[in-house]
Amino acid sequence: MNVTVRQLRAFVFVAQLKSFTKAAERLYLTQSALSLLIRQLEDNLQVQLIERSTRKIELTAAGHELMGSAERLLDDLDATLANVAELGAKQRGKVVVAAPYILATTFLVEVIAEFRARYPTISVHLKDSLPEQVLMLVRSGGADLGIGSFREWESGLQWTPLFQEPLVAVYPRGHPIGKLPQLNWSDLAGLPVISLNRDSIFRDLADDGFSQAGLILAPAYEVAYAGTALGLVRAGLGIAILPQCVGILTDPTILLRPLENPQILRSVAVITRNGRSLSPAAEAFVDMLRKSARVSASLAAPEPQPRPSRRAARGRRSLDATSEES
């Protein structure tokens with residue numbers, strides 16, 4: 001017996017469409033070639049499968065018996081071949097990821113290391129960019145995906161949540177605030193504060209924290225980059241307000257503590273272009289991002305809103321952020 005996949009597929013299409021003409025069109029065959037496949041299948045099985053007449057196509061009892069098994073067999077085969085092809089695609093290729101400085105130097109480096117260990121033949125190109133450039137790179141196709149916290153929703157982009165993290169105070173070792181049982185925003189009153197500048201979402205978040213504590217943020221130093229803020233802290237020039245992930249960038253000379261009352265969170269998301277399918281390699285990278293961030297299936301995507309005025313922003317407990325310096 002020498003039954004082939006082509007013969008089974010021809011039989012299933014004829015049975016489903018009840019027409020040799022339509023089945024031949026779907027399979028891109030001539031009717032004579034299709035009829036030959038059916039005859040060969042019947043000869044191999046030594047049984048008639050289809051009742052042929054000028055008016056309609058009907059399956060014989062043997063045809064009905066074969067139909068269910070043949071459909072399952074072909075479905076399983078197609079699924080297996082698709083899985084093998086996808087696996088093969090994940091063994092090669094390139095992923096271009098855009099991310100701001102803080103995420104590129106903290107969360108992402110560990111993800112990339114794990115990804116390269118699992119998919120050593122896929123190259124990862126990391127574009128550490130300014131926040132506004134991350135959006136531009138994804139929108140223009142210069143990056144497969146972007147990661148960050150962004151102020152506003154942009155049409156044409158898809159947002160997938162990764163994680164949230166609190167803002168923290170970064171201070172020199174030995175500073176008196178390290179002895180407090182809990183560090184509140186109000187405890188920073190009168191102390192020199194280092195903040196990121198007004199181009200950063202973290203300035204909005206810091207403004208919000210101070211406002212809810214009944215204070216107004218008046219930075220002693222206002223900088224563009226988190227690395228600069230950490231350098232000022234090391235020099236003993238103040239206390240920096242930054243996201244918790246900067247802990248990986250600290251050294252024994254500086255410490256950090258979460259700020260409470262209120263707790264201010266920033267949300268980190270993956271952005272991709274709507275209507276553009278990711279390559280298998282990029283999909284594998286996004287899957288690893290989700291696993292690394294431990295996002296629960298019930299977490300709803302934080303939809304960025306149009307940026308409100310600073311006065312209106314001060315009434316919120318936390319901003320579902322979306323453009324960071326980070």
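Taking a straight line from the alpha carbon of residue 18, these lysines sit under 30 Å away, with near neighbours fewer than eight places off in the same chain left out: 56. For residue 94, the lysines whose Cα falls under 21 Å of its own Cα, not counting residues fewer than eight places away in the same chain, are 127, 291. Connecting C-alpha atoms closer than 10 Å in a GNM of the chain, tell me which of 226, 79, 189 has the biggest fluctuation. Most flexible of the set in this elastic network: 79.
Just add up the charged neighbours of residue 254: K/R +1, D/E -1, any other residue whose Cβ is under 13 Å from the Cβ of residue 254.
So the environment of residue 254 carries a net charge of +2.
Karplus-derived 3J(HN,Hα) values for the stretch 259-271, using 6.51 cos²θ - 1.76 cosθ + 1.60 with θ = phi - 60°, are 9, 10, 6, x, 8, 10, 10, 10, 9, 10, 9, 9, 10 Hz; glycine and proline are entered as x. Remark: relative contact order (the chain) = 23 percent; criterion is Cα-Cα distance under 8 angstrom and separation of 6 or more residues. For the options 258, 176, 280, a Gaussian network treatment of the chain with springs between C-alpha atoms closer than 10 Å singles out 176 as fluctuating the most.
Add -39500 (n - 2.57) for each DSSP H run of 4 or more in the chain, then divide by its residues: what number comes out at 222 nm, to the nearest 500 deg cm²/dmol? Write down the numbers at each step before the final one.
Numbers: 11 runs with 130 residues, N = 326.
That comes out to -12500 deg cm²/dmol.
Note on the chain: GNM, Cα springs under 10 Å; of 141, 63, 247, the largest mean-square fluctuation is that of 63. Amide H to amide H distances under 5 Å link residue 150 with 322, 323, where only residues 5 or more positions off or on other chains count and H is placed in the peptide plane. Less than 5 angstrom separates the built amide H of residue 270 from those of 160, 162, all sequence-distant by 5 or more or on a different chain. Sequentially through the stretch 31-43, phi angles give Karplus couplings (6.51, -1.76, 1.60; θ = phi - 60°) of 4, 5, 5, 5, 4, 5, 4, 5, 4, 5, 5, 5, 5 Hz, Gly and Pro residues having no value and appearing as x. Give the residue from 254, 183, 85 lying farthest towards the positive end of the charge dipole for the chain; charges sit on Cβ (+1 for Lys and Arg, -1 for Asp and Glu) and the dipole is referred to the Cα centre. Result: 85.
Counting only DSSP beta bridges with both residues in the chain, tell me the antiparallel percent, nearest 5.
Details: 24 of 40 bridges.
Antiparallel: roughly 60 percent of the beta bridges in the chain.
Annotation: amide H-H contacts under 5 Å for residue 260 (H modelled 1.01 Å from N, sequence separation of 5 or more, or interchain): 183, 184, 185. Calculate log10 I(q)/I(0) of the chain for q = 0.09, 0.10 Å⁻¹, where I(q) comes from the Debye formula with a single equal point scatterer on each Cα and nothing for solvent. Debye output, listed in q order: -0.61, -0.68.
I want the local charge near residue 173. Using Cβ-Cβ distances under 14 Å, sum +1 for each Lys or Arg and -1 for each Asp or Glu among the other residues.
Values: positive: 179, 234, 257; negative: 251.
The answer is +2.
Working note: Karplus 6.51/-1.76/1.60 with θ = phi - 60° gives the stretch 235-242 the couplings 7, x, 9, x, 10, 9, 9, 9 Hz, where Gly and Pro are set to x.
Just so you know, all these numbers are worked out from the coordinates, no wet-lab data involved. Predicted model, so just to flag it, every value in this text is computed and none were measured. Don't worry about glycine lacking a Cβ; one is built from the backbone with ideal geometry, like all the others, and counts go over all protein chains shown.
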